[in-house]
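Just below is one structure, and these are the notes that go with it.
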Amino acid sequence: MNSTALDIPSNLIQALRDVHHVAVLTGSGISAESGVPTFREAQTGLWSRFKPEDLATPEAFKRNPKLVWEWYAWRGELVSGAQPNAGHVALVEWQRRVPQFTLITQNVDGLHQRAGSGNVIELHGNIGRTKCFEENRIVEKWPETGEAPPRCPRCGGHLRPDVVWFGETLPVEALERAVAAARSCDLFLSIGTSTVVHPAASLPFEALEQGATVVEINPDSTPLTPHAHHVLRGPAGRVLPELVRHR
Ligand code: BJW
């Protein structure tokens, strides 16, 4: 990892000092330095090894609930063993320093909350929660019968992880809060996301339309890159602590 100081433009430093409402959208890249795999990176992303249509759609679950349940159980264990990194921690510090701070994540790993962030808007759910596939209701306890997936204690339907699969709608209140923050913030940061999965990918563009300063933090370019006011190339665990120093 390159340890030289980041070149942060002076107008961005000024914007960091003047800002009233910061909105942040994170994706799997912020957890990469915690050892949690991203989705679309060529060598290491989950979708380079597994097909999303076999694992992350309601149709896949109906076809093969055991396969999907066990894949998420494996990922759930991986996440439980991971620790928040310097990027997650820097966002906790930033939240303390600005009048209004909205943290929106596409991640299901809960690492922002474990780092100490409050009020996190989870757009794609949380891998640590379970719900009934039939009733779409959170289930906290179920009888351990050894069956995979286990059954809902109320209706007997299959249980599934409380995450948002392709073709499913996002939690309504979470999406409404995220859109409202993107439309009212004065600084929007897009961190560690390929910005291809909608509707989350529309949020930085909503912010741009409303006149916010938009900053992208990512080692690679994305569809947002040509539109962002500032692009900070590098891993979030290095860039974010430096940014927060300027606040
Ligand atoms: C680093 C780094 C470091 C590396 N530091 N950075 C409009 C247009 C086109 C399609 C659609 C549309 N509206 C809806 C759709 C359909 C679909 C969609 O968007 N498809 C596109 C992919 C084409 N969207 C949906 O189906 C959504 N539902 C919906 O819209 O409902 C209404 C509707 C339904 C049907 C039709 C129309 C409307 C639901 C989307 C659910 C996404 N679910 C997943 C799985 C969650 C559960 C799980 O974890 O298994 O969410 S897919 C996966 O992608 C996951 C992620 O949250 C999401 C985004 O990925 P992310 O986080 O950006 O990861 P990567 O890997 O893509 O990028 C990582 C980035 O990090 C890279 O850029 C790296 O460079 C960078 N990086 N290391 C900083 N150290």
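The values are calculated or read from the model by the stated rules, or taken from the named source; none is laboratory data. All values reported here derive from a predicted model rather than from experimental measurement. So basically every Cβ, Gly included, is an ideal-geometry build from the backbone, and we count neighbours across all protein chains shown. Keep in mind that these areas ignore ligands, DNA and RNA; they rest on the heavy atoms of the full protein, side chains included. Shrake-Rupley method; radii C 1.70, N 1.55, O 1.52, S 1.80 Å.
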If you check E176 against the conditions, is it within 11 Å of the ligand (Cβ to nearest atom), within 23 Å of H20 (Cβ to Cβ) and among the acidic types (D, E)?
no
Restricting attention to segment 115-146, which residues are farther than 23 Å from I104 by Cα and not acidic (D, E)?
C132, F133, V139, K141, W142, P143, T145, G146
Check L111, L46, L55 and return the single one that is open to solvent by less than 20 Å² (accessible area, probe 1.4 Å), aliphatic (A, V, I, L, M) and farther than 18 Å from A200 by Cβ.
L55
Scanning for something within 13 Å of the ligand (Cβ to nearest atom) and of a type outside the set (F, W, Y), does segment 146-161 turn up at least one residue?
yes
Segment 167-193, residues that are among the β-branched types (V, I, T) and outside any strand (DSSP E or B)
T169, V172, V179, T193
Condition first: over 19 Å from E33 (Cα atoms) and within 13 Å of the ligand (Cβ to nearest atom). Now tell me which residues in segment 229-247 satisfy that.
V231
Identify all residues within segment 132-166 that are in a strand (DSSP E or B), within 28 Å of H112 (Cβ to Cβ) and either more than 20 Å from the chain's Cα centre (by Cα) or small (G, A, S) (or both); write none if there are none.
C132, I138, L159
Determine which single condition H198 fails, assuming it passes every other condition in (1) open to solvent by less than 80 Å² (accessible area, probe 1.4 Å); (2) within 30 Å of L25 (Cα to Cα); (3) not hydrophobic (A, V, I, L, M, F, W, C).
(1)
Residues of segment 193-228 being of a type in the set (S, T, Y), more than 17 Å from F39 (Cβ to Cβ) and touching a strand residue (DSSP E or B) at 6+ places or on another chain (Cβ under 7 Å), which ones?
T213, T225
Which listed residue is modelled with pLDDT of 95 or more, open to solvent by less than 80 Å² (accessible area, probe 1.4 Å) and within 20 Å of A148 (Cα to Cα), from V36, V68:
V68
Exactly one condition in (1) over 24 Å from P241 (Cβ atoms); (2) within 11 Å of the ligand (Cβ to nearest atom) is not met by S221; state its number.
(1)
